[in-house]
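Just passing along the structure, written as structure tokens.
The numbers here are math on the coordinates, done by the rules we state, and not lab data. Being a predicted model, the structure only gives us computed values, none of them experimental. Virtual Cβ from ideal backbone geometry, glycine too; neighbours counted across all protein chains shown.
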Amino acid sequence: MRTVTAALLLLSLNSWAVAQETPKRQNRRAALPGLSDARAEVYKTVGDTKLKIYIFEPENLDKQDPRPAIVFFFGGGWRSGSPRQFGPHCKYLASRGMVAMAADYRVSSRHGVKAVDCVRDAKSAVRWIRANAERLGVDPNRIAAAGGSAGGHLAASTGTLPDFDEPNEDASISSRPNAMLLFNPAVILAPTDAVELDPERLVSRIERMGAEPQAMSPYHHIAADTPPTAIFHGTEDRTVAHDTVEAFAEAMQQAGNRCELHSYEEEGHGFFNFGRRGNKMFVATLTDADRFLKSLGYVEGEPTVEESVEKLGRK
């Protein structure tokens with residue numbers, strides 16, 4: 001039996017989120033390529049909060065010839081983070097012909113919300129894209145959800161969790177994506193036979209989630225029609241253990257779904273981000289993501305990530 005403690009899964013996620021708030025991390029994020037190439041629109045309003053989605057369009061977008069789309073959700077333990085994290089990914093995939101987007105969503109540090117509210121926002125973002133597909137030049141049947149860590153959990157949640165849609169939204173428009181790309185995602189948040197969790201941590205998990213852990217756990221809601229999925233994960237991840245995504249991939253395959261698990265030896269959490277160690281793993285993971293998208297018919301030709309790195313780094 002694969003084992004991982006809830007203490008490792010929860011406390012490490014919390015520690016990583018807090019670490020992102022240090023000046024060093026803030027400076028690193030400030031140095032990331034921004035979203036200046038994107039067009040911003042409000043996809044959801046909650047009280048006084050207007051949540052924006054940043055849209056990167058491919059060249060020569062013809063709205064009579066709709067393109068596949070992808071929306072990214074940033075990481076940060078549901079507490080912090082910025083859509084800028086996936087600006088380089090969006091710029092690259094727009095260069096490959098997709099309409100690529102990075103969505104902001106509510107987090108506890110800025111909005112005082114629980115993780116369940118983050119899930120609601122992610123579902124709203126997918127629904128907004130589909131509802132506005134014709135105007136955006138998007139194929140409503142080729143929408144991918146992607147994200148890293150907590151953002152990976154959100155992307156996985158849009159494709160698995162049956163609950164947490166906003167009641168004031170049009171339920172006839174699906175909030176489920178057609179594919180999922182998950183970068184070191186948190187996918188198991190409740191007890192399961194596949195991994196051993198520490199029951200003493202379940203109380204704190206309920207408080208942090210804002211809902212029952214099983215209701216928030218993508219693994220527990222895998223069904224025969226779960227969208228095709230690719231996971232990108234480091235074998236030495238101490239924040240979200242590799243065993244958890246192994247169990248998720250195995251359950252997906254047993255349910256008859258396509259799930260590719262790309263494991264990267266000796267890599268830890270957040271290894272895929274732009275700007276790390278000369279972008280070696282940014283190139284490796286995005287190249288594998290490109291090939292997965294090509295297999296779905298979302299992009300054509302061979303990946304060009306390595307040749308595009310310098311351009312992607314421009315603000």
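What full-extension length gain, to one decimal in nm, is calculated for Glu300 and Ser172 as 0.36 nm per residue of separation minus the Cα-Cα distance?
Working: separation 128, 0.36 × 128 = 46.08 nm, distance 3.14 nm.
Result for the pair: 42.9 nm of gain on full extension.
Would you calculate a helix-derived [θ] at 222 nm for the chain, using -39,500 (n - 2.57) for each DSSP H run of n ≥ 4 and dividing by the full residue count, to the nearest 500?
Working: 11 runs with 112 residues, N = 315.
Taken over the chain, the calculation gives -10500 deg cm²/dmol.
Once Rh is set to the Kirkwood radius over Cα pairs, what Stokes-Einstein translational diffusion coefficient, in µm²/s, holds for the range 183-315 at a temperature of 25 °C and a viscosity of 0.890 mPa s?
Working: Rh = 16.5 Å.
Calculated translational D: 149 µm²/s.
Here is a further query. Within the chain, how many lysine pairs that are 8 or more places apart, or on different chains, have C-alpha atoms less than 16 Å apart? Mind showing how you got there, number by number?
On the way: Lys44/Lys52; Lys44/Lys123; Lys50/Lys123; Lys52/Lys123; Lys91/Lys311; Lys91/Lys315; Lys114/Lys123; Lys280/Lys311.
The result is 8.
How would Thr226, Thr285 line up from fewest to most surrounding beta-carbon atoms within 10 angstrom? Don't skip to the end; give the middle numbers.
Details: Thr226 21, Thr285 26.
Ranked by crowding around the Cβ, least crowded first: Thr226, Thr285.
Among 150-162, 267-279, 73-85, how do they line up from the highest to the lowest mean number of other beta-carbon atoms within 10 Å?
Numbers: 150-162: 27.6, 267-279: 18.1, 73-85: 25.4.
Most protected by this proxy first, the peptides run 150-162, 73-85, 267-279.
If you don't mind, there's one more thing I want to ask. Could you work out the relative contact order of the chain? I mean the mean sequence separation of Cα pairs under 8 Å and 6+ apart, divided by the number of residues, in percent.
Values: 659 pairs, mean separation 58.0, N = 315.
This gives 18 percent for the chain.
So for each of 50-61, 124-135 I average, over its residues, the number of other beta carbons within 10 Å; can you give me the resulting order with the highest mean first?
Values: 50-61: 17.3, 124-135: 20.8.
In descending order of packing, they fall as 124-135, 50-61.
With no solvent and one point on each alpha carbon, what is the Debye value of log10 I(q)/I(0) for the chain at q = 0.12 Å⁻¹?
Log10 of I(q)/I(0), two decimals: -0.73.
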